[in-house]
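Reading through the structure tokens given below for one structure.
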């Protein structure tokens, strides 16, 4: 047997050993429908994000991907459901960053996101706007700050729930400028935006759903919570430009800890490819999303840093669950 034959045989044996070392479910996965848990109500940004990739993922995997909306408790109900599921690749989570990087700091959870959840892939970073209802006589963050200072505890602001990143954004702005306003949490972004348009709340940070209403004049955008100005609204400054640093966390996909690495890597690869397609990009562009691609390990590290960053502020501002 010559050396080249030995090399080929050795490589074949190594591949076979690797395959045999995989759990049986990872070798055959998927052989039945996959449940995609969305931990916020239908019609919100997280739900729209999931629906941007779920149909194509079903085609790619050859199995139905069934969306299961489990909203409530600022995303923690759906989060806990997934962490308690079997780590076999048949239950996955699509979530905003809120339950992952904020929730652990203000809620007494029955899960530990570091221990019980495995990040798979980011989906996107959503354009987040500071918006006010038209009846508020302000056209800039400076004017809103002055108006709040002149009317302490007279205004209220909406969020998609206590412990959401949108709630923390508003608190960061208020804390930095020594302002007071009443928090009004809603069960989802669609309800919050409706309340803004209906003059039930005065201002809010919103991820995406307010964009068409800003364009139509039903709402007024004062700033974007991003590192740079948005191509959609190039004339609107960032929060950093106005004096308060506010940056959003990533939306992403997760599985229960212990899910075979081969499944995690396949989901990362397949979802990443889908999110880069023109169809997915067009769907996300409607609410100002920027697709983000990272490996599972890179995504895990980003989540860890974001969790530390939010935790530092939450402790400083002494923010607690209502």
Report task. Could you check how many percent of all C-alpha pairs in the range 193-278 are farther apart than 19 Å? Result -> 58
Report summary line: To the nearest 10 degrees, the tilt of helix 45-61 (Cα long axis) against the first principal axis of the alpha carbons of the chain is 20
**Report entry** Spin-label model distance (nm) - residue 215 vs residue 265, 7 Å beyond Cα toward Cβ
**Finding:** 4.1
Report task. Can you bin the range 237-322 into rounded, prolate or oblate? Criterion: square roots of the alpha carbon gyration tensor eigenvalues sorted a ≥ b ≥ c, rounded for a/c under 1.5, prolate for a/b above b/c, oblate for the rest. Result -> oblate
Query raised in the report: Along each of its three principal axes, how wide is the spread of alpha-carbon positions in the range 115-164, in whole angstrom units, largest first?
Result: 47, 21, 16
Query raised in the report: In nm, to one decimal, how far is the residue 154 label point from the residue 245 one, both placed 7 Å along Cα→Cβ?
Result: 3.3
Requested in this report: Quickly work out the residue 112-to-residue 232 label distance, labels modelled 7 Å from Cα along the C-beta direction, and quote it in nm with one decimal.
Outcome: 3.8
**Report entry** Pair-distance profile P(r), taking every C-alpha pair of the range 128-242, with 10 angstrom steps and integer %
**Finding:** 15, 53, 31, 1
Requested in this report: Only Cα pairs under 8 Å and at least 6 apart count here; give the relative contact order of the chain as a rounded whole percent.
Outcome: 26
Query raised in the report: Which angle between 0 and 90 degrees, to the nearest 10, do you get for helix 165-176 versus the longest principal axis of the chain when only C-alpha atoms count?
Result: 40
**Report entry** Extension reserve of the residue 286-residue 77 stretch, reckoned as 0.36 nm per residue once the Cα distance is removed
**Finding:** 72.5 nm
Query raised in the report: How long is the gain from residue 27 to residue 182 if the chain were fully straight, where each residue apart is worth 0.36 nm and the alpha carbon distance is subtracted?
Result: 50.5 nm
Query raised in the report: For the chain, max minus min Cα coordinate along each principal axis, in Å, sorted largest first?
Result: 88, 40, 35
Query - Choice from 164, 98, 216 with maximal GNM fluctuation in the chain (Cα, 10 Å cutoff) - result: 216
Report task. Please give the residues of the range 225-258, grouped as numeric ranges, whose backbone N is less than 14 Å from a label point set 7 Å along the Cα-to-Cβ vector of residue 139. Result -> 236
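Read the figures in this text as sums done on the coordinates, not as results from a lab. Note that the structure is predicted; figures quoted are calculated from it, not measured. Note that each Cβ is placed from the backbone with ideal geometry, even for glycine, and that neighbours are counted across all protein chains shown.
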